1. State whether one or more residues within segment A:114-121 are without any contact (Cβ under 8 Å) to a residue 40 or more places away in the chain and more than 14 Å from chain B (Cβ to nearest Cβ).
2. Within segment A:86-108, is even one residue at positive phi, outside any helix (DSSP H, G or I) and within 14 Å of chain B (Cβ to nearest Cβ)?
3. With the requirement that a residue be within 30 Å of the chain's Cα centre (by Cα), more than 8 Å from chain B (Cβ to nearest Cβ) and of a type in the set (Gly, Ala, Ser), what does segment A:305-332 give you?
4. Just give me the residues in segment B:175-214 being surrounded by 21 or more Cβ atoms within 10 Å (Cβ to Cβ), over 14 Å from residue A:36 (Cα atoms) and within 13 Å of chain A (Cβ to nearest Cβ), in sequence order.
5. When the residues of segment A:161-190 are filtered to those that are more than 7 Å from every other protein chain (Cβ to nearest Cβ) and surrounded by fewer than 24 Cβ atoms within 10 Å (Cβ to Cβ), which remaining residue is farthest from residue B:317 (Cα to Cα)?
6. Sort out which residues of segment A:191-204 are facing chain B (nearest Cβ under 9 Å), closer than 30 Å to residue A:309 by Cα and assigned to a helix (DSSP H, G or I), and write them in order of number.
7. For the condition buried (at least 18 other Cβ atoms within 10 Å of the Cβ), free of Cβ contacts under 8 Å to residues at least 24 places away in the same chain and within 14 Å of another protein chain (Cβ to nearest Cβ), what is the one hit in B:3, B:71, B:60?
8. For the list (1) at pLDDT below 95; (2) not in a helix (DSSP H, G or I), I need the number of the one condition that residue A:216 fails.
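The values are calculated or read from the model by the stated rules, or taken from the named source; none is laboratory data. Small disclaimer: the values here were computed from a predicted structure and weren't measured. Note that we place each Cβ from the backbone using ideal geometry, even for glycine, and neighbour counts take in every protein chain shown.
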Amino acid sequence: MSARHAASPGRRDEGRAQPAGGGDGEYTTYYGRPVVKAPPWEVDIPAYMFAGGLAAGSSLLAAGGDLTGRPALRRAGRLTAAGALGFSMVALIHDLGRPGRFLNMLRTMKLTSPMSVGTWILSLYGGPAGLAAASEVARWAGLRRGPFRLLAALDRPAGVAAGLTAPPVAAYTAVLLADTATPSWHESYRELPFVFCGSAAAAAGGAAMILAPADQAGPARRLAVGGAVAEVAAEQRMERSMGLTAEPLHHGKAGKLMTAAKYLTAGGAALSLLAGRSRVAAVTAGAALLAGSACTRLGIFEAGIASAEDPKYTVVPQRERLRRGQPVRYEG
Amino acid sequence: MSSNRLFGPVDPATEAGYVDPPPRKGFFTDTSVCIGCKACEVACKEWNLIPDDGFDLLGSSYDNTGALGGSTWRHVAFVEQPTRRVDLGMPGMGPPEEAAVDTPVPQGPSAPPPGAGYEDVDALAAAGRMTAPLTGPGAAEEPPDFRWLMSSDVCKHCTHAACLDVCPTGALFRTEFGTVVVQDDVCNGCGYCVAACPYGVIERRKGPEGTPNVGIAQKCTLCYDRLGAGMEPACAKACPTDSIQFGDVEELRARAERRLAEVQASGEDRAQLYGHDPDDGVGGAGAFFLLLDEPEVYGLPPDPVVTTRDLPAMFNRAGLAGLALLAGAAAAFLGGRR
């Protein structure tokens with residue numbers, strides 16, 4: 001017996017097998033089992049995406065702070081970036097089935113694999129970002145002689161290079177999710193990079209508002225507000241273009257996370273308008289923006305997993321295409 | 001980039017860089033003659049030394065395997081369906097219509113009388129019904145019968161294989177036979193292929209510590225080792241009804257078309273080929289099927305598409321978003337005094 005479902009969310013009643021492609025809103029599955037497999041990824045992956053975005057945005061703020069004479073902003077940005085990057089790498093390696101083989105990522109370079117492209121983007125970014133942070137630590141420790149002179153000479157070039165290579169770090173993670181058969185990730189590919197870049201800007205702005213004094217954190221506040229607005233707007237647009245596969249963003253764990261993300265991001269952005277005058281407001285707004293960014297990544301991650309586990313999101317859009325007489329065919 | 005590298009008809013081995021490769025190999029699985037014996041599942045496990053992945057009763061007809069996965073490279077699906085009977089011309093389905101009445105069943109001295117031990121199920125009558133006419137006198141009184149759909153599923157060895165495209169280590173590769181194989185000594189278990197496959201075939205192997213290749217993505221290799229030695233894959237070799245047919249993809253496609261015409265002529269109006277079309281969403285599968293109902297009835301996606309078809313568009317969108325982030329950051333510094 002195969003299962004037949006009414007297309008109301010979450011309903012999974014079993015029925016006698018019927019011809020597929022019957023009336024509207026009904027679809028057939030094999031005992032309600034998933035068609036595609038959810039990736040075997042744990043919370044490491046959304047945590048990595050959050051940290052990667054935070055690192056990227058922070059490097060941008062650090063480079064700007066350096067070039068415009070805001071040393072505290074530079075310092076906060078560089079150290080945040082290095083910390084977040086280190087955390088990212090640990091999370092990425094921990095998620096592998098064979099962590100001991102993580103270096104196999106570097107044995108090839110494949111444009112068809114966003115994970116391969118991302119590994120090289122991270123490698124490109126990691127060097128200057130690490131160097132800029134090391135230089136910051138050396139300056140703080142008063143180390144100026146010998147090899148540290150070279151480090152000091154590389155201070156600004158490394159910081160600027162980290163800033164310029166940072167945006168791909170924030171953007172590619174969206175392609176990483178979208179280039180799958182996971183329905184709610186693939187269908188989001190048009191807007192997801194904007195959601196993730198907005199989220200990165202909001203998180204980095206939030207972190208810098210916490211760490212840097214208010215008189216140097218003006219750019220951080222503006223980046224945070226701009227990022228938050230962009231994230232919320234892109235997310236709304238994304239949901240409209242995803243069709244049926246937007247549904248998992250509103251249900252269960254993913255639904256709660258996405259709602260929390262919206263309130264935290266919007267609230268954090270509103271509060272950061274007061275952050276120039278109040279330290280308490282700055283810290284609260286920064287924390288809300290960081291939490292909002294983390295919730296966005298987690299929510300989109302969970303929605304994807306849910307969309308893979310319910311065959312509805314694989315079968316219905318494909319069956320609808322066939323019903324309309326528009327199967328995906330090559331038209332050379 | 002040469003044409004059709006991500007989408008559209010192409011010869012996968014040539015596209016992968018093989019010079020003068022052997023003809024593309026594949027499976028044509030004719031589910032209309034599958035008897036659900038699972039010899040393919042067993043032969044596959046035996047030949048490829050695949051560990052067990054649980055002995056659970058799933059309550060899904062005779063399917064206690066569940067799905068393809070890291071330790072299941074052939075999976076026989078069982079669907080019990082109410083339907084009219086259709087004679088598919090399978091051998092051994094029962095006595096011919098008239099002969100069943102006219103000719104007594106030959107009985108040896110030790111053979112039990114017909115029906116002995118079958119009081120509850122009238123086997124001969126049931127066998128007779130299998131060849132009963134669909135229409136005409138008598139058809140109206142026939143109680144609605146059911147049928148079993150059985151189908152041995154396997155990796156499709158897509159022309160445009162998403163698993164291979166997204167693999168970041170190069171562990172997945174295209175063989176000279178046009179098939180897709182994982183090198184288990186290279187794979188680092190990133191799991192990307194698992195999410196990329198539009199059919200849910202490949203999976204990271206689960207199991208207790210000590211199980212071979214735990215944490216590594218695994219799937220059907222079309223018995224790459226046997227192919228290299230000029231032998232057919234273990235499942236096809238073991239299939240007692242030739243439901244699983246191995247051969248050159250081009251020849252199998254022609255054979256599939258002929259068989260489809262036969263099955264349709266016998267009254268199976270929902271019979272269809274699945275995965276044979278080089279213009280479809282994966283550029284045609286190396287392993288394709290004759291199904292007796294819609295694909296999703298068997299747990300197959302009805303219109304699968306290789307996700308990397310949209311990859312150029314995805315990278316373009318990400319590039320725009322990255323530039324917007326850079327511009328936004330610059331504006332944040334230019335936009336105010338503090």
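1. no
2. Of all residues in segment A:86-108, those at positive phi come to none.
Taking every residue of segment A:86-108 in turn, none turns out to be at positive phi, outside any helix (DSSP H, G or I) and within 14 Å of chain B (Cβ to nearest Cβ).
3. Hits for segment A:305-332 are A:306, A:307.
4. Residues satisfying the conditions are B:182, B:187, B:188, B:189, B:190, B:205, B:213.
5. Narrowing segment A:161-190 to residues more than 7 Å from every other protein chain (Cβ to nearest Cβ): A:161-166, A:169, A:173, A:176-177, A:183-185, A:187-188.
Filter once more, so that each one left must be surrounded by fewer than 24 Cβ atoms within 10 Å (Cβ to Cβ): A:161, A:164-165, A:187.
Values: A:161: 23, A:164: 18, A:165: 17, A:187: 13 Å.
Filtering first and then ranking leaves A:161.
6. A:192, A:193, A:194, A:195, A:196, A:197, A:198, A:200
7. B:60
8. It fails just one condition, (1).
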